[in-house]
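Report on the structure given below.
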Amino acid sequence: MTDPILTARMEANRTDSNTIDRYLETGGYEVLKNALASMTPEQIAEEVKASNMRGRGGAGFPMGVKWGFLADSDPKYLVINGDESEPGTFKDRQLLERDPHQLIEGIVLASYALGVNRAFIYIRGEYPKPARRVQRAIDEAYEKGFLGDDILRSGFSLEVSVHLGGGAYICGEETALLNSLEGRRGEPRLKPPFPAVEGLYARPTIVNNVESISNVPWIVANGGTSYAAIGPERSAGTRMFSLSGHVNKPGNYEIVMGMTWRDLIYDVAGGIRDDRALKTWIPGGASAPWLVPEHLDAPLTIDDATTLGTMLGSGAVVVMDETTDVVKAAHSIVRFFAHESCGQCTPCREGTKWLQDILERILRGEGREKDIDLLLDVSDNISPGLTWPPAMTTICPLGPSATAPILSITRYFLDEVKAYIPVSEVAGV
Amino acid sequence: MSDTTTVSITINGVDHEVEAGQRLITAAEKVGEYIPRFCHHDKLEPVGKCRMCLVEVEGPRGKQLVPSCTMIVNDGMVVDTESEVVEKAQEGVLEFLLINHPLDCPICDKGGECPLQDQTMAYGPGESRFIEPKRTYEKPIPISDVVLLDRERCVLCDRCVRVADDIAGDPLITFNDRGNHVQILTFPNEPFSSYFSGNTVQVCPVGALTSVDYRFRARPWDLEVTPTVAAHDTVQSTAEIHTSRGKIVRVYAAENDHLNDGWLSDRDRFSFAANHAPDRIVSPKRRVDGSFEDVSWPEALNTIAERLGGIAPERVGAIGGAHNTNEEAYALGKFLREVVGTNNIDAQLGDGFNAQLAAAVTPRATVDDVESAGAILVWGPDLKETLPVLYLKVRKAVKNGATLVVASPWRTGLDSIATSVVRYRAGSGQEVLRKLAQGSAHEDAAAALTTGPVVTLFGRASLSEDPRLAESVAAYGRTLPDARLMPLLTRSNVFGALDMGLAPDLLPGRVGIEAGSAGLDAMGMLGAAAEGALDVLFLVGSDPVRDCPDPALAAKALDQADFVVAIDAFVTDSSAHADVILPAALWGEVDGTMTNLEGRVQTVSAAFPPRGQAQSLLEIVRDLAAIMGSGDILPKDTDTASSSLANEAPAYAGVSRESIFFESDGTGVVVPTGAGTQPLGYIPTDAAVPVVTDRFTLHFAPSLYDDGVITRHAESIAGLVPDVTVRISPRDASVLAVSDGASVVIDDFLTLPVTIDADVAQGSVVVPFNQVATKGLIAASAVSVEPVRGDV
Amino acid sequence: MSSPIATWSAEGQERAQQLLALYPDKRSAVMPLLYVASLEHGHVTNEGMQQVAELIGVTATQVRSVATFYTMYKHEPVGRYLVSVCTSISCHLLGGDEVLDAACGAAGVEVGGTSEDDLVTVERVECIGACGGAPAVQVNYELIEGVTDIKAIDLIDWLRNTTPEVVLADELQQLFGGQKSFDWGVPEPDGAIAPVPAFGPYGSAEEGR
Ligand SMILES: Cc1cc2nc3c(=O)[nH]c(=O)nc-3n(C[C@H](O)[C@H](O)[C@H](O)COP(=O)(O)O)c2cc1C
Ligand code: SF4
Ligand code: FES
């Protein structure tokens, strides 16, 4: 088992890993000192590219490749996505609260590599404590000369500030986040243009997840190829998984991909509570189609998940045991997406709410047998063909995400859905 | 092979060569493949929100559904607009839009011309599968004096938001809330006060935004459409009159890309109520013992003919004619010059400038030149307040990359997007201009005027500004790179009137008269009448007592003149002085042509006959001439007027209603056409206007809604007349020791509240022109301002 | 001409100026300014939105458009303690809905309602990133993890009886929490003084007692 990268410091220092004293004492900002003294921006970008690390925000796009798209025109911006709102996900919160300097060091390195002098950390509004910790760390970093003008006398300058959200899951979508940061409604933008060309204030912008950037100090310190050597080829490195639901040991686990789902659920997370049987689990956040026990021995990699018609997404694994009412569970997720739809495009605004309404009617015992087809057909009108990765009639993937639980319960638990439908409503009776 | 300006695309298996750079939805429509849409609008930035226009395009990963309204065509693009997937997606979107729609088509103003209704027929699912309760909102809420909002019908296409924000620059109507609760709304208790609000009604694809005027007035299928122009200002936006049962029920913009792009100002759109105003004059009147009595046309005309008999021609004059068609103006000019024998004719009311400069300045700019300018200098009236659709065009030009310089004694609508603003004390313009030209000050402005073509829009910033400054500005404008000039007179068809010779020193077709033989201009006529040197005065749709720089002089003139004839549709402060009033036809009741500020000639058409016994000006002067025994001199109708002016007026050679229709696609013909030169190519020269040194100089400028006859009679916009205050700079306020809201006395008689305004040049006083509260103020270059003590 | 926020507290005015200076484009300050305005007015009022609009040079409508998009801007008065109960999937699986019911019962309100004494508002919220410590609750956005329905009742009673000036997450967790998503580390000195996120620049964080 490889040593943890992101959580090593907080595991070893359970109370004060967030302080600058502890950070410095455990080798913090050394990488930055060395890099600013002896590496060119291009060399850092090269290491990141060589690491093959795929973004940890959900889309899994290789970070080094994305950096390569940044248009060369000043000013440019780096924006850290700390909006973490996907149900089941709480890993970034731990990184923000428990090791904010690791993130800041990553931001300085990334900014140096990208030629950026202004970075923003967008943290969801419901995370005041992580925001305070990051803000305190920023203040400390300024004080010690790791941020601000002429950092460590390298000639490189960087301003960083925290922007708190206002309560909107969609602001995790990078272009919605940029709109929000500009003081607008958090509505996703049409792409192209992509942020790397026209992002914040219509300037070239890189948006990266908190976890993605927190890896940068290690990658620069140890070399991109060392990172790439960890784990399966196209799922390199360690990765934070958030485990929740009916497991014995919920929590965040930094693991190397490639292990099986069985390993993750039964070993890492300590198995199912009260020794109950596993019924189903969500492998990558509320947006992901569910898996069932027959998939337990599939390897946990980005590509294998795609083959199974789902994704690792944000690394959130929600486990449901045999006692779970999957129709209610699906309803909770559909309600989430309906509530969080930005509302600008028709299929998502109308479709997600319609799905929620139908499920509520079914749960009230007022379902009709044809409602099952209706659920699927409405889903199909949001995500045509109900294929994976999803096709969309929408602007962004939020709308299609609401169809994942519908698809999952009708595929694996149709009888349980039907059981909600009064006998009098079943065709032919 | 396709060249760089076209690309080849395949739609439903058929190859097409289409213009590069355009949106797929537009390209497809042009080759006959209509793709349904709600949010797409040719003149608005694409947003891709409604998702109705989804089509399949082949890509590296197979066919993909994409919105055709955001996708730019590229070479080799293979498109399917009719596949099963596309049809299902479109049906799905339509169903989504309908589930919360009230389906109240029978009582909806949009019923019968509603894309949602039409597309439901064409693409929609049969019966509704939606059995949940619908989303409901409070039924129509007034969001301004002229517009109502019904949120239940809204499809959230974002068109109104884009029109208000991107086009008009008035982001007052926006999306509120989120997800399924998203709704279009204005701020609570703040009206949607935009000069362009009516455009949102016209672009709304459903019946969510409706106009107060039109509500429940007609159904689309019994509307008659009459193409015309909106004649309230000299832009003369291309428009349509929609009538039902002989009444105008609404005015719509037509899409003229060379002119108004499909937009209108609210004044253009909502003033039509004046046509049907109850107090319109509908029969001739004669003054008998101090009051008016109705008389027959022959009686009225005979009275006038008798009075004109044997009078010295130079003791007769006519003021007005700017609201009439070219043909009417032509007939009026002929009547005065050839029947009466006088050059005392003026369509301007002392608020304009040198008529020869206005009519025949070269090189003259078109509105297209404005749109594609490298730089623009605006030194004249506030475009937003006087020529609102030209204001939109300048905004568009700036969006296209033009730099913009605005010079004005007070904030104008364009300041916020200007590259450089030159603020000057009213009365000091010549000094500022000299420094700008010499490069000794205003370097930013000079630097912003270096990329040609530079279009200079020049005119009089206010009625109190020396009219000769416009000439100096024009002369400067001519020195700028690749210069084009656009004169800014603002009143209706005043350019047409000047072209028809309604000026003391012009003959029809932009031909000049020598200074020595020129007649009197409007102020000259009023002065002469006041001194008993003019006996007969014709007021042709003009109200100098309210609408000229010196109301006192005008009132005295009308009192002193022996005989006043008013050709008007209303009794005004001026026509009330008349001895005979002749009821005039209004816009919407006369056929003909009009000429706008770039020299564009467009046709106007009668939507119905004149009210009551009203007649067109042409008929009036024709009949009067006949009674006076000169019937053969005047044209007998619009068509003969048109052909005779085309023969007689050099600039109008070859221009007729037919040629406009056949040659211009309805967009009008700019005279002189092609390479044609002006008969009188007027070259402006620096007028060396002296600087006004008084303590307070006056900036007496009109706003869009004034107390003019038409606004007063158009119910829906009459309430939009702004509150009147006197604006002074903070510095002057402190010197005078007045606070915001305190009262001051202007010119010893007019008491008004003060607004302290940092955008007023120090030493200037800003007062709105032609408002009830400023009645009687003379538009002199200077004023006195005294605080009212004990009122602070 | 007076400043649009002349009626704000001195701190509020100062924070507004800091926020306006923080961003390359003033408009970016809309969201933080709305928090400050909420604090000044108790919630997001029309007047507050107009003030923010004037500060940044946009229309009040544009500010309202933003302010109604996000759930944390409250357009109606809320209690001194805003109790947010998560019922998204992980919390749902472990009893979040029961916690919500219990909290509402204890406060004597429907979901979204405010108690008669104006002290407590109970709302349902979507995932607040505490799934490993489900079910989770926030009080003025300060987190408690591993809450049960019984503890939720105790929490509401405690808030009413002790009416703390500053809401401190570590204290609440100690009293009413259970399973956590991860170790919280050193206790946090700052807490919330109003139903606005306790983040320094917004003025609701205060050193603990
Ligand atoms: C609906 C939606 C929600 C998202 N939420 C988040 C989020 O909360 N955090 C995040 O980092 N990325 C989120 N993303 C992904 C971002 O758009 C973006 O891909 C990511 O921040 C890029 O960072 P990375 O390349 O480092 O992963 C979301 C995407 C979508 C479509
Ligand atoms: S899919 Fe939903 S969240 Fe995404 S743009 Fe459309 S409405 Fe907004
Ligand atoms: S017309 Fe293309 S999405 Fe609306």
Could you check, for segment B:549-566, whether at least one of its residues is surrounded by 24 or more Cβ atoms within 10 Å (Cβ to Cβ), under 24 Å from the mean Cα position of the chain (by Cα) and not in a helix (DSSP H, G or I)?
-> no
So A:ILE395 clears everything in (1) within 11 Å of another protein chain (Cβ to nearest Cβ); (2) buried (at least 24 other Cβ atoms within 10 Å of the Cβ); (3) in contact with a helix residue (DSSP H, G or I) (Cβ under 6 Å, 6 or more places away or on another chain) except one condition, right? Which one?
-> (3)
Somewhere in segment B:76-93, is a residue in a helix (DSSP H, G or I), under 42 Å from the mean Cα position of the chain (by Cα) and away from ligand 2 (no atom under 16 Å from the Cβ)?
-> yes
Among (1) assigned to a loop (DSSP other than H, G, I, E, B); (2) closer than 30 Å to A:ASN179 by Cα; (3) away from ligand 1 (no atom under 16 Å from the Cβ) - the single one A:THR2 does not satisfy | (2)
Taking B:ARG280 and the conditions (1) farther than 25 Å from B:ALA576 by Cβ; (2) outside the structural domain of B:TYR214 (by TED's automatic domain parsing), which numbered condition does it fall short on, given that it satisfies the others?
-> (1)
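So how many residues does segment B:505-547 have that are of a type outside the set (Phe, Trp, Tyr) and within 28 Å of B:THR303 (Cα to Cα)?
Looking only at that region, the number is 28.
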Could you figure out which of (1) within 12 Å of chain A (Cβ to nearest Cβ); (2) surrounded by fewer than 18 Cβ atoms within 10 Å (Cβ to Cβ) isn't true of C:SER90?
-> (2)
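Scan segment A:288-334 for residues that are of a type in the set (A, V, I, L, M), part of a loop (DSSP other than H, G, I, E, B) and away from every other protein chain (no Cβ under 14 Å) and report the count. Step through it out loud before you land on a result.
So in segment A:288-334, the residues of a type in the set (A, V, I, L, M) come out as A:288, A:291-292, A:296, A:298, A:300, A:302, A:305, A:308, A:311-312, A:316-320, A:326-327, A:329-330, A:333-334.
Okay, now just the ones that are also part of a loop (DSSP other than H, G, I, E, B), so A:288, A:292, A:296, A:298, A:300, A:308, A:311-312.
In the following step, the residues that additionally are away from every other protein chain (no Cβ under 14 Å) were identified as A:292, A:296, A:298, A:300, A:308, A:311-312.
Residues that pass the stated criteria total 7.
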Among the residues of segment C:93-114, write down those that are among the small types (Gly, Ala, Ser) and buried (at least 21 other Cβ atoms within 10 Å of the Cβ).
-> C:GLY96, C:ALA102, C:ALA103, C:ALA106, C:ALA107
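Which one of these is at pLDDT below 95 and either hydrophobic (A, V, I, L, M, F, W, C) or within 16 Å of ligand 3 (Cβ to nearest atom) (or both): B:TYR123, B:TYR34? Outline the logic, then answer.
Working: B:TYR34 fails: at pLDDT below 95.
From the options B:TYR123, B:TYR34, the qualifying one is B:TYR123.
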Determine whether segment A:401-413 contains at least one residue that is buried (at least 24 other Cβ atoms within 10 Å of the Cβ), under 22 Å from A:ALA168 (Cβ atoms), in contact with a Cys (Cβ under 9 Å, 6 or more places away or on another chain) and within 8 Å of chain B (Cβ to nearest Cβ).
-> no
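Yes/no per residue for (1) among the β-branched types (Val, Ile, Thr); (2) surrounded by 24 or more Cβ atoms within 10 Å (Cβ to Cβ):
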position	(1), (2)
A:ASN81	no, yes
A:ARG98	no, yes
A:HIS101	no, yes
A:ILE104	yes, yes
A:ILE107	yes, yes
A:GLY115	no, no
A:GLU126	no, yes
A:VAL134	yes, yes
For segment A:375-390, which residues satisfy the criterion of being within 20 Å of A:ALA59 (Cβ to Cβ) and either buried (at least 24 other Cβ atoms within 10 Å of the Cβ) or within 16 Å of ligand 3 (Cβ to nearest atom) (or both)?
-> A:ILE382, A:SER383
Would you pick out the residues in segment B:143-200 that are on the phi > 0 side of the Ramachandran plot and within 16 Å of ligand 3 (Cβ to nearest atom)?
-> B:LEU156, B:ASP158
Name every residue in segment A:180-206 that is within 16 Å of ligand 2 (Cβ to nearest atom) and in contact with a helix residue (DSSP H, G or I) (Cβ under 8 Å, 6 or more places away or on another chain), in order of residue number.
-> A:SER180, A:ARG184, A:ARG185, A:GLY186, A:GLU187, A:PRO188, A:ARG189, A:LYS191, A:PRO195
Could you tell me which numbered condition C:VAL122 fails, if it satisfies all but one of (1) surrounded by fewer than 24 Cβ atoms within 10 Å (Cβ to Cβ); (2) without any contact (Cβ under 8 Å) to a residue 40 or more places away in the chain; (3) among the hydrophobic types (A, V, I, L, M, F, W, C)?
-> (1)
Looking at B:LEU336, is it closer than 30 Å to B:GLY631 by Cβ and modelled with pLDDT of 95 or more?
-> yes
Give me the pairs: first residue in segment B:548-573 and assigned by TED's automatic domain parsing to the domain that holds B:ALA773 and under 18 Å from B:LEU301 (Cα atoms), second residue at pLDDT 95 or above and not in a helix (DSSP H, G or I), beta-carbon distance under 9 Å, and six or more apart or on different chains, which are they?
-> none
How many residues does segment A:394-419 hold that are within 11 Å of ligand 2 (Cβ to nearest atom), outside any helix (DSSP H, G or I) and either touching a strand residue (DSSP E or B) at 6+ places or on another chain (Cβ under 6 Å) or not β-branched (Val, Ile, Thr) (or both)?
-> 3
Residues (touching a helix residue (DSSP H, G or I) at 6+ places or on another chain (Cβ under 7 Å) and either without any contact (Cβ under 8 Å) to a residue 24 or more places away in the chain or more than 7 Å from chain B (Cβ to nearest Cβ) (or both)) located in segment A:378-387 | A:VAL378, A:SER379, A:ASP380, A:ILE382, A:SER383, A:PRO384, A:LEU386
Which one is surrounded by the fewest Cβ atoms within 10 Å (Cβ to Cβ), of the residues in segment C:47-67 that are more than 9 Å from chain A (Cβ to nearest Cβ) and not in a helix (DSSP H, G or I)?
-> C:GLY57
With the checklist (1) of a type outside the set (Asp, Glu); (2) more than 16 Å from ligand 2 (Cβ to nearest atom); (3) in a loop (DSSP other than H, G, I, E, B) in hand, flag the one item B:CYS160 doesn't pass.
-> (3)
(1) more than 16 Å from ligand 1 (Cβ to nearest atom); (2) free of Cβ contacts under 8 Å to residues at least 40 places away in the same chain; (3) of a type in the set (A, V, I, L, M): which one isn't true of A:VAL65, the others all being true?
-> (1)
So which of A:TYR253, A:TYR201, A:TYR266 is more than 19 Å from the chain's Cα centre (by Cα) and either within 14 Å of another protein chain (Cβ to nearest Cβ) or within 16 Å of ligand 1 (Cβ to nearest atom) (or both)?
-> A:TYR201
Please state which of the following conditions C:PRO197 fails to meet, knowing it meets all the rest: (1) in contact (Cβ under 8 Å) with a residue 60 or more places away in the chain; (2) more than 8 Å from every other protein chain (Cβ to nearest Cβ); (3) in contact with a Gly (Cβ under 7 Å, 6 or more places away or on another chain).
-> (2)
Within the set of pairs 6+ apart or on separate chains, which have a first residue in segment A:336-350 that is touching a residue at least 60 places away in the same chain (Cβ under 8 Å) and more than 7 Å from every other protein chain (Cβ to nearest Cβ), a second that is assigned to a helix (DSSP H, G or I) and away from ligand 3 (no atom under 14 Å from the Cβ), and C-beta atoms under 8 Å apart?
-> A:PHE337/A:THR352; A:PHE337/A:LEU398; A:PHE337/A:SER401
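The values are calculated or read from the model by the stated rules, or taken from the named source; none is laboratory data. The structure displayed is predicted, hence computed values, not measured ones. All Cβ positions, glycine included, derive from the backbone under ideal geometry; neighbour counts span all protein chains shown.
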